[in-house]
Amino acid sequence: MADTGGATTKNIFLEWQQSLLDETAASFRRWGRFPYLWQQALKVQKGATPSEVVYEEDRLKLRRYIPRGPIRYRTPLVFVFALVNRPYILDLRPGRSVVSHFVDRGFDTYLIDWGEPSRADRHLTIDDYVNGYLSNVIDYVRERTDSSQANVLGYCMGGTLSSMFTALHQERVRNLILMAAGINFATEDGLLNLWCEPRYFDVDRFVDTYGNVPAEFLQTMFLMLKPLQNLVEKPITLVERMDDEDFVDDYLAMEGWLNDNIPVPGEVFREFVKYLYQKNLLVKNQMPVGRHIVDLRDITCPVLNLMAKKDDLVPCSQSLPFNSLVSSKDKKVMEVSAGHIGLAVGSKAQRELWPQACDWLAKRSEPLRRRARNK
Amino acid sequence: MADNASFFTRMWMDFATRMMTAGMSFNPFSPPPQAARQARGAYLGAVSDFAEQMMRSPQFLSLMKQGMDTSLGARKQMDEYMTAMRHDTQGTASEDIDALMIDVRHLGSRMSERMDEIEGLIHDLGRRLDGMEGNGRGVPHTNGTRAGDRDSLRTRERDALRAERQAYRPQEPVARKAVKGRKRPRKNPQERE
């Protein structure tokens, strides 16, 4: 018995020793790549699908993704991104692109890049975006594709804007897809909801003082949602996997995007915080957009609501009520175990969620019967 | 003060308990790097939860508000100073540009409202004309109609039109396109070919 115990102890000791040697060698290998990290960061390619700008208005640019095969559906698809950050996260890298799923399935796909607002844009309101820019883009796309309606996919704040647009202009939207869209703000699951409470945050004073909301302010707020994960765990993971080239490329592309913030027009921010975060008017069907009041019951088209279970920015409890607030009969919820960004570019979402979302949209889109339109 | 103390004591106790639990789950058969990763995971998890709780606490929220108020106050003071300085040197401050921008926006919205009204009027007129053509009445000044009849017909139509105009409310949201104007879309190079 004693011999067996001794042998076991010896084995454990040898395994420990081996693992320590392996870890030391791996550490040298990883740190050996560190000097080249900067070069790799410069080489990281952003964007997987070729695109062209087909429409411009003020700072807005509408990108059309050039299809690799024939267009199979008459109804075009328009991606509406948030006013925070830049929209290339939806087409980040090959294998991490939401756009390419739809392009490859034969959808005529467009993406709205709102551009970087200047000080002159501080007075732009949600009305300017919903009934101005977004309305013009949808009209242009409808004209261009000779289609009476468009499919709209809104991500995050873009989802909220898309839901407002659809409620006001239902006749122009065939299918609505929301990705982590904030709808019901009367929840304290997310820290942002708590921080935006009127007793802790005077949005009027903030906007009156700063004008546009500085990008650095937004970046800090987002980092503060998960400070340990963002500032400690992520760099540790990078060091541990620095010898994995694909991981490093993904990491650098993602971090590059996360730090590529843009300011938000002041009045939009004021309306968003005051009417949504503080008064929750969208759910009450009292959200004012210019001279109109958004009534979500006016939405009758098929709705697909996509959510991330680990989303700390827009928790599921914020998005889920949307389906019970609209009049649509055809509505569905899909969830994936990912975070806010993982919903778009995460491996699981890319593997499982997006093919299903494409199927959902394909079943509800009008097929193109005439010869392939591939302009 | 006592509340603050008990809040932090509770959080630290919770943190210490979690760390102890993580330490007790140590398995001697697992290699040291793996055990170190587990311990690190437990530590970061505990600290992360601690941070989350702290950021939800009224103490932190009050502190955040206080910090923001101070920062906004300083910024405002700076802006006021810069504005006064520019005005003193006959210059234009950003405040003046903002005021001008607001005026332009108000002008734009007034024009937009006026154009909506005109659009409504044109819509009504078109409908009236269509109705008249549909009834086979044609335009009022037909041959054989007495001047008095014609006038009374016009008066009736004008009254009806006025009533309709008053009742008219745009049912469909009107896009800003008409006011903002749409820039000429860039042509697709492939299409051009």
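The values are calculated or read from the model by the stated rules, or taken from the named source; none is laboratory data. Please read all numbers here as calculations on a predicted model, not as lab measurements. A quick note on method: Cβ atoms are made from the backbone with ideal geometry, for glycine too, and the neighbour counts reach across all protein chains shown. The protein model used for the area step is the full one, side chains on, heavy atoms only, and it has no ligands, DNA or RNA in it. Shrake-Rupley method; radii C 1.70, N 1.55, O 1.52, S 1.80 Å.
Some points to look at:
- Yes/no for residue A:56 being charged (D, E, K, R), open to solvent by 30 Å² or more (accessible area, probe 1.4 Å) and farther than 30 Å from residue A:145 by Cα: no
- Conditions (1) charged (D, E, K, R); (2) assigned by TED's automatic domain parsing to the domain that holds residue B:8; (3) open to solvent by less than 60 Å² (accessible area, probe 1.4 Å): number failed by residue B:56: (3)
- Filtering A:78, A:84 for residues that are outside any loop (DSSP other than H, G, I, E, B) and under 28 Å from residue A:255 (Cα atoms) leaves a single hit, A:78.
- Evaluation of residue A:228 against (1) touching a residue at least 60 places away in the same chain (Cβ under 8 Å); (2) within 14 Å of chain B (Cβ to nearest Cβ); (3) buried (at least 16 other Cβ atoms within 10 Å of the Cβ) (one fails), failing number: (1)
- Going through (1) over 18 Å from residue A:280 (Cβ atoms); (2) in contact with a helix residue (DSSP H, G or I) (Cβ under 8 Å, 6 or more places away or on another chain); (3) among the hydroxyl-bearing types (Ser, Thr, Tyr); (4) at pLDDT 95 or above one by one, residue A:160 falls short only on (1).
- Taken over the stretch B:88-108, the criterion of being more than 20 Å from residue B:75 (Cβ to Cβ) and among the acidic types (Asp, Glu) is satisfied by B:88, B:103.
- Just one of the numbered conditions (1) more than 23 Å from residue A:224 (Cα to Cα); (2) modelled with pLDDT under 80 is not true of residue B:15: (1).
- Considering residues of the stretch A:256-290 that are charged (D, E, K, R) and in contact with a helix residue (DSSP H, G or I) (Cβ under 8 Å, 6 or more places away or on another chain) only, the residue farthest from the other protein chains (Cβ to nearest Cβ): A:274
- Odd one out for residue A:131, checked against (1) within 14 Å of chain B (Cβ to nearest Cβ); (2) surrounded by fewer than 24 Cβ atoms within 10 Å (Cβ to Cβ); (3) in a helix (DSSP H, G or I): (2)
- Leading residue by the ranking (nearest to residue A:160 (Cα to Cα)) among those in the stretch A:277-322 that are open to solvent by 20 Å² or more (accessible area, probe 1.4 Å) and assigned to a helix (DSSP H, G or I): A:277
- Set B:90, B:66, B:77: member being out of contact with any Phe, Trp or Tyr (no Cβ under 6 Å at 6 or more places or on another chain), of a type outside the set (Gly, Ala, Ser), more than 9 Å from chain A (Cβ to nearest Cβ) and not in a helix (DSSP H, G or I): B:90
- Residue in the stretch A:203-223 that is away from chain B (no Cβ under 14 Å), touching a Leu at 6+ places or on another chain (Cβ under 8 Å), small (Gly, Ala, Ser) and closer than 20 Å to residue A:126 by Cα present: no
- Check on residue B:86, more than 33 Å from the chain's Cα centre (by Cα) and at pLDDT 90 or above: no
- Number of the exception - residue A:18 against (1) facing chain B (nearest Cβ under 9 Å); (2) polar (S, T, N, Q); (3) surrounded by 15 or more Cβ atoms within 10 Å (Cβ to Cβ): (3)
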